[in-house]
Amino acid sequence: MTAESARMSPPPGRRPPHRDRSEPLWVQILADLRRRIADNQFTEAFPGELDLVKQYQVSRHTVREALRRLRAEGLVTSARGRQPKVVEGVEIEQPTGLLYSLFAAVEATGLEQRSVVHTLDVRADGVVAVRLGLEESTPLVYLERLRMAGSEPLAVDRVWLPYELAAPLLEVDFGHTALYDEYAAVCGIHMTGGRENVRAVVPYAGERWLLDSPPGTAAFAIERLGCSHGRPVEWRHTLVRGDRFSLTTDLSTNTGYRLALASATAEKRGSVVSTRGASAAARR
């Protein structure tokens, strides 16, 4: 093989498009990229636009159209200034009506759940304190984490706990552990129920960046008041990627979900779906 022919040879596994076919070039490239993804040819990294232009010898516009279709199908994810990545293809499904654990829900799929802890400190928040039935100046333990499912960001999780109950948690490493497990083991607080509101929202730019979420992708904003035997012991706000998480309900005449009108604040970002909490042992 000459140096020139080697230079023009396609990369291993790539099938070049045929310009004499009736179907558009982007359709052929899309089909080939689907095949290569299914064959696990991009386990280390997915090529960027310019690399694909060189591989397939087509215009950047053609490559962008193929990538746009891959994103719409949920096969790859990308954001401005970041290399496209193959989506691991596992959706986290969570039944409603249970005091569920995001930690347990992720690991039940076979993916590793880990967290990048951004903040673990003590602070005052008058609004949250009132929601917990406390005086506005009451100190609270605050934990903020980026929750990961495998190698992909899944959720931004913010939790407030009464300091008088949760102070020992300030010494816990939350990189790979469930908050509810630690709350029970270290503080003797067992979660038994609560109330949760779920809203569909479009994340802000900073939230999209944290979640590595493509523009226009919706998210779930989940607010939870967690209780231990009727006593409020947790306020939580979680923003979950809508393309990687779903809520399911078994319907009956006595249980299930109910729809409620959004408050004036919530209407700015989406509608409210209010799910009923239930007493159930779970980890978070």
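Any read-out appearing in this document is the output of simple, stated calculations on the displayed coordinates, not a laboratory observation. If you're wondering where the values come from, they're calculated on a predicted model, not measured in any experiment. So basically every Cβ, Gly included, is an ideal-geometry build from the backbone, and we count neighbours across all protein chains shown.
With R₀ set to 22 Å, the beta-carbon distance separating GLN83 from VAL27 gives a calculated FRET efficiency near 0.40. Between the residues ALA149, LEU179, ALA166, the greatest Cα displacement towards the positive end of the dipole of segment 139-180, with unit charges on the Cβ of Lys, Arg, Asp and Glu, is found for ALA149.
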